[in-house]
Amino acid sequence: MHPRAEEFSRRATDEHGLDVEVYEFPEGTKTAEDAAEAVGCDVAQIASGIVLSAGDGLVVVVTSGANRVDEAKVADLVGVDPGDVSMGDPDEIKATLGWSIGGVPPFCHESDV
């Protein structure tokens, strides 16, 4: 198991009491469609984690792989102007959450978001 996947599994158990099953795909799953095909389910059953910059911080939005994130709705939910919401910077995401884009889990981040 990849060290980051192993760390996620351990942290999910230690921090949240969850026994997660990690699936790894050597060919990767760059899109929700790729992930759905890899596990044999509908794309709507895939949870996609999208990291946005919102005001002075980051927000992790977990959505169905069949949906798109509405940045204006995110802005309203976190109380910032719509123009202050954008895709997160990869370096900031890695430094703040401890995970690289494309591999950000819905929880077990290095800091609260």
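The values are calculated or read from the model by the stated rules, or taken from the named source; none is laboratory data. All figures in this text were calculated on a predicted structure; none of them were measured in a lab. For neighbour counting, all protein chains shown are included, and Cβ atoms are generated from backbone atoms with ideal geometry for every residue, glycine included.
Among what's in the range 57-72 and is closer than 20 Å to residue 33 by Cα and of a type in the set (Gly, Ala, Ser), pick the residue that is surrounded by the most Cβ atoms within 10 Å (Cβ to Cβ). Among those residues, the one meeting the criterion is 65.
You will find that of 75, 54, 44, 35, the residue that is among the aliphatic types (A, V, I, L, M), exposed (fewer than 15 other Cβ atoms within 10 Å of the Cβ) and free of Cβ contacts under 8 Å to residues at least 40 places away in the same chain is 44 and no other. A Cβ distance below 8 Å, combined with a sequence gap of six or more or placement on separate chains, defines the contacts here; from the range 20-31, residues that are polar (S, T, N, Q) reach no residue that is assigned to a loop (DSSP other than H, G, I, E, B) and exposed (fewer than 10 other Cβ atoms within 10 Å of the Cβ). Those helices (runs of 4 or more DSSP H) of the range 1-82 in which at least 1 residues are within 17 Å of the chain's Cα centre (by Cα) and over 24 Å from residue 94 (Cβ atoms), considering only elements entirely within it, cover 32-39. Quick check: is even one residue across the range 12-25 under 20 Å from residue 109 (Cα atoms), surrounded by 17 or more Cβ atoms within 10 Å (Cβ to Cβ) and either aromatic (Phe, Trp, Tyr) or out of contact with any strand residue (DSSP E or B) (no Cβ under 9 Å at 6 or more places or on another chain) (or both)? Within the range 12-25, one or more residues are under 20 Å from residue 109 (Cα atoms), surrounded by 17 or more Cβ atoms within 10 Å (Cβ to Cβ) and either aromatic (Phe, Trp, Tyr) or out of contact with any strand residue (DSSP E or B) (no Cβ under 9 Å at 6 or more places or on another chain) (or both). Of the residues 70, 76, 84, the single one that is among the acidic types (Asp, Glu), in contact with a strand residue (DSSP E or B) (Cβ under 7 Å, 6 or more places away or on another chain) and at pLDDT 90 or above is 84.
Is it the case that some residue within the range 90-105 is more than 27 Å from residue 20 (Cβ to Cβ) and either in contact (Cβ under 8 Å) with a residue 12 or more places away in the chain or in contact with a Ser or Thr (Cβ under 7 Å, 6 or more places away or on another chain) (or both)? No, the range 90-105 contains no residue that is more than 27 Å from residue 20 (Cβ to Cβ) and either in contact (Cβ under 8 Å) with a residue 12 or more places away in the chain or in contact with a Ser or Thr (Cβ under 7 Å, 6 or more places away or on another chain) (or both).
Within the range 86-113, if we keep just the residues that are of a type in the set (D, E, K, R) and assigned to a loop (DSSP other than H, G, I, E, B), the residue that is surrounded by the most Cβ atoms within 10 Å (Cβ to Cβ) turns out to be 89.
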